[in-house]
Structure formats: structure tokens, C-alpha cells
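Asks: I'd like to ask some things about the structure below.
Only the coordinates and a few stated rules stand behind these numbers; no lab work does. Bear in mind that the values here come from a model prediction, so they are computed numbers and not experimental data. With ideal geometry, Cβ positions are generated from the backbone for all residues, glycine too; neighbour counts draw on all protein chains shown.
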Amino acid sequence: MESLVTIKWLADHLGDPDLLVFDCSRLLDMKIGREKSGRPAYDREHIVGAAFLELQDDLSDLEAEVSYTPLPAEVLAAAFSRLGIGDESRVVLYDNSGSMWAAWAWWLLRSVGFDRAALLTGGVAEWQEAGHPVTDQTTEYPPASLTPTPRPGVLAAKDEVLAATGDPTVRIIDVLPSESYQGLFAMYDRPGHIASATNEPMAVISDGGFSLKSTEEIESGLGGSPDQRAITYCGAGIAASASAFAMVRAGYTDVAIYPGSLEEWTKDPALRMVTGPDPT
């Protein structure tokens, strides 16, 4: 199964018995300036047959100090099993924000060794524009059994990122907008970017809507060598997963996400932040 599928592909395969579709959307709460569950949007309308995947409550360590901290592989696989994902399932993921939330779920599945998941290039709006139906009827899949086979190296901890700041063989990639990278405003406790990081904003891989750019377009916007170790980060690891997903599709073989990202990094004054433009 390809890791990126079109609306036409999904329409043609929606009734396949082994195919599970999940809406991974989150909503921005303007009152607090942070995201919240996308369940209300799902309850209004979603692709027929799609279940809702709650990224924070279902797939994150709720006792951690940092948002979206991944669960241990065995616990995470059990969480996916409860959602209906089994070893023989095929999974399609979509969201309302340019595929970054869906990419985070895809990357978590990748981290436990599951490789039968894909992102949908396009959201509910494009699904409707193509003439396909939406519904407000909830779907829940019966529990299944997903065997965890943890994939090393796809989730980078803070200590690894710190070591990488002094290692020229590792690329640290900030996927946030240039204004954030340069420190013109602070998304978290301190402005700027992690020392030695380069800036490849998510715009490199997204068309600005719900679709990802073609692999050829993505390749032309990415730097570094495809076999070089690369660690992506953003504010809380979500946008970083969309870029990491695109890098994997483009043939990069050693890519990790730093889940803690700036939310974790900026809390520790001993961890260096830098302001100014990308030196590259």
C-alpha cells in the first residue's frame, strides 16, 4: 500500500473489509491559543465510515509535562489495537490541517513497526468537492491485535538532539516559519531555534491547503543527503512529522522526529537557542 493515497483511491476502496479510515483533526482554540480535540468537527461531518482518532487522549502520555509525548511502544500498540488496527489492517489517515496531524499518527504507527498506513492527500472539503458523501454518523471499529515491533531511531529524545548540536554529520531541521526560526516572535518560552538547526519550513512539503506536494517538488526543496541522519522538530512535534513523512517518501533513509520540540527544549535555560537567519 502506498503511503499517500488520493481521494479517488479512497473512494474506490472505501468498502474494503481490511481498510480503516481515521479522522485525526484538531481544532485551534482561539481563547487559549492552543489546539483542542477535533471531535466537534468530526461530529458535524466526516468521510463516510471514518472513525475519530483522538491524538492526545488516545495516543499520548497524559502524565508527561510535554504535549503529545509518545507512549512506550507496547502501550502505544495496545492503544492502536483498541482503535481497531491489527497486523493485517490497512489504514488511511486524514485531518483538517494540511495532513500534519494525520502525519503524526502515521509516524507513531511507523514507530511501532506498522507500515500499512497512508495519508489522504486532501481533506473533507476536497472529498466533498469531488462529489463524495460525508456523514455525522459515528464509526467505531472493533478491537484488533497489533503486534509491536519497535523501529529504532525514528523518535529522538532531548539528549540525542543535544548531542547532535555538536555533530556535523547530523542535520537538525526546524520546520517552523522563518519568522519563528529567526526569533522574531516566541512560540514557547524562548525565541529562536535550536543551535545548529537549519530552517526548512513545512511549506516545502505542503501546498498550503490539505494536500502534500508531489514527491518531485518535495525533493527539490529538501537539503542534505538522503542517507544522512536528520532530526526534524517544530513546536510540539506535529508539523515536524509531516516534514519527516515527506522526507521518507522522497527516499531519505535515516529520519527522526524530536517529539518534545521547542515546547520541551525552551523550558531548560541550559539548552542553547539561537536567533537570526538560516546560515545556509
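Asks: Considering the Cα positions of region 1-117, please state its Rg to one decimal place and its Dmax as a whole number of Å.
Replies: Over region 1-117's Cα set, Rg and Dmax evaluate to 14.1, 43 Å.
Asks: To the nearest whole percent, what portion of all C-alpha pairs in region 1-67 is separated by more than 15 angstrom?
Replies: Here the long-distance tail beyond 15 Å is 63 percent of all Cα pairs in region 1-67.
Asks: Please list, short to long, the whole-number percent of alpha-carbon pairs of region 102-193 in consecutive 5 angstrom bins beginning at zero.
Replies: Bin by bin from 0 Å, the calculated values are 2, 9, 10, 13, 16, 15, 13, 11, 8, 3, 0.
Asks: Counting other C-beta atoms within 10 Å, which of Ser196, Ser67 has the fewest, and how do the rest follow?
Replies: Ser196, Ser67
Asks: When the helix-only estimate is applied to the chain (DSSP H runs of n ≥ 4, each -39,500 (n - 2.57), divided by the residue count), what is the mean residue ellipticity at 222 nm, nearest 500 deg cm²/dmol?
Replies: -7500 deg cm²/dmol
Asks: Also, quick follow-up: Relative contact order for the chain: what percent, with Cα pairs under 8 Å and sequence separation of 6 or more?
Replies: Relative contact order of the chain: 20 percent.
Asks: Percent relative contact order of region 4-135, based on C-alpha pairs within less than 8 angstrom and at least six residues apart?
Replies: With pairs under 8 Å counted, the relative contact order is 33 percent.
Asks: Hey, any idea what Rg/Rh is for region 218-280, computing Rh the Kirkwood way over Cα pairs?
Replies: Ratio of gyration radius to Kirkwood radius for region 218-280: 1.01.
Asks: How much length would be gained if the chain were fully extended between Trp9 and Asp136, taking 0.36 nm per residue of separation minus their Cα-Cα distance, in nm to one decimal?
Replies: Once the chain is fully extended between Trp9 and Asp136, it gains 43.5 nm.
Asks: Excluding residues fewer than 8 places away in the same chain, name every one of the aspartates and glutamates whose C-alpha is closer than 17 Å to that of Lys158.
Replies: Asp61, Glu65, Asp167, Asp174, Asp189, Glu263, Glu264, Asp268
Asks: Follow-up question, since we're still on this one. How large are Rg and Dmax for the chain when calculated on the C-alpha trace, in angstrom?
Replies: Rg then Dmax for the chain, in Å: 18.2, 54.
Asks: Another question, then. Listing Leu271, Leu108 from the residue with the fewest other Cβ atoms within 10 Å to the one with the most, what is the order?
Replies: Placing the least packed residue first, the sequence is Leu271, Leu108.
Asks: Helix hunt in the chain: which complete DSSP H runs extend at least 20 Å axially by C-alpha with mean Kyte-Doolittle at least -1.0?
Replies: none
Asks: Within region 1-50, which trypsin sites (Lys or Arg not before Pro) sit in a loop by DSSP and count at most 13 neighbouring Cβ atoms inside 10 Å?
Replies: Lys31
Asks: Follow-up question, since we're still on this one. Multiplying the sequence separation of Arg82 and Met1 by 0.36 nm and subtracting their Cα-Cα distance, what value in nm do you get?
Replies: Stretched fully, the Arg82-Met1 segment lengthens by 26.9 nm.
Asks: Follow-up question, since we're still on this one. Would you list Tyr258, Tyr188, Tyr233 from fewest to most Cβ contacts within 10 Å?
Replies: Fewest-to-most ranking of Tyr258, Tyr188, Tyr233: Tyr188, Tyr258, Tyr233.
Asks: If you take every DSSP beta bridge whose two residues both sit in region 4-135, what share of them, in percent to the nearest 5, is antiparallel?
Replies: Percentage antiparallel, nearest 5: 35.
Asks: Suppose we keep just the DSSP beta bridges with both residues in the chain; what percent of those would be antiparallel, to 5?
Replies: Just about 30 percent of them are antiparallel.
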